[in-house]
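As structure tokens, the structure follows; a few thoughts come after it.
Read-outs throughout are calculated quantities, based only on the coordinates presented, and are distinct from any laboratory measurement. Keep in mind the model is a prediction, meaning the values are calculated, not measured. A quick note on method: Cβ atoms are made from the backbone with ideal geometry, for glycine too, and the neighbour counts reach across all protein chains shown.
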């Protein structure tokens with residue numbers, strides 16, 4: 001696994017071989033970041049179900065200023081810290097369930113320009129996490145959510161303050177792009 005673009009381009013990241021970890025492939029990560037605006041206006045990044053941290057580190061490589069990584073697995077968090085060290089970067093790393101972390105961050109009044117969500121495909125965690133983000137107003141104005149799911153569990157939901165504006169398929173992976181609805185403060 002390596003960084004695809006930006007100032008850390010080509011840098012190899014430490015892998016994580018967990019039973020429940022499915023890192024986003026280089027192909028999908030490259031496609032996602034090619035879809036996002038080229039000038040990369042995202043200052044702050046929240047990487048939920050962060051795994052190795054590759055998606056958040058890719059965002060830092062391309063110009064994000066700060067990143068917060070959330071995962072409930074201590075081994076995952078150790079890999080994220082190692083990968084941040086390999087890139088000479090620092091970030092906030094939170095050991096917590098992603099849904100609870102999203103709610104806590106929102107309660108503290110935090111918001112993020114780019115939120116990455118990559119939960120286990122066979123769970124309801126994507127919907128629960130998006131609901132927590134929607135209710136809490138965690139997405140900053142002009143921000144984007146990138147959410148992954150498996151093709152067998154597509155996202156079928158309507159939210160109050162966020163909406164899907166694009167969806168792409170890559171093998172068994174579906175990637176959704178969501179933004180704040182116009183006229184909402186969510």
DSSP-defined antiparallel bridges as percent of all bridges, the chain, nearest 5: 45 percent
Ranked packing of 163-171, 5-13, 67-75, 38-46, most packed first, by mean Cβ within 10 Å: 67-75, 38-46, 5-13, 163-171
The chain - mean residue ellipticity at 222 nm from DSSP helices (-39,500 (n - 2.57) per run, n ≥ 4, rounded to 500): -8500 deg cm²/dmol
The chain: angle of helix 26-35 to the longest principal axis, Cα-based, in degrees nearest 10: 50 degrees
Alpha carbon centroid spacing (whole Å) that separates the stretch 125-186 from the stretch 35-85: 18 Å
Kirkwood hydrodynamic radius of the stretch 41-180, Cα pairs, Å: 14.9 Å
Principal-axis tilt of helix 125-136 within the chain, Cα atoms, nearest 10 degrees: 60 degrees
Tilt relative to the chain, helix 74-86 - C-alpha long axis, 0 to 90 degrees, to 10: 60 degrees
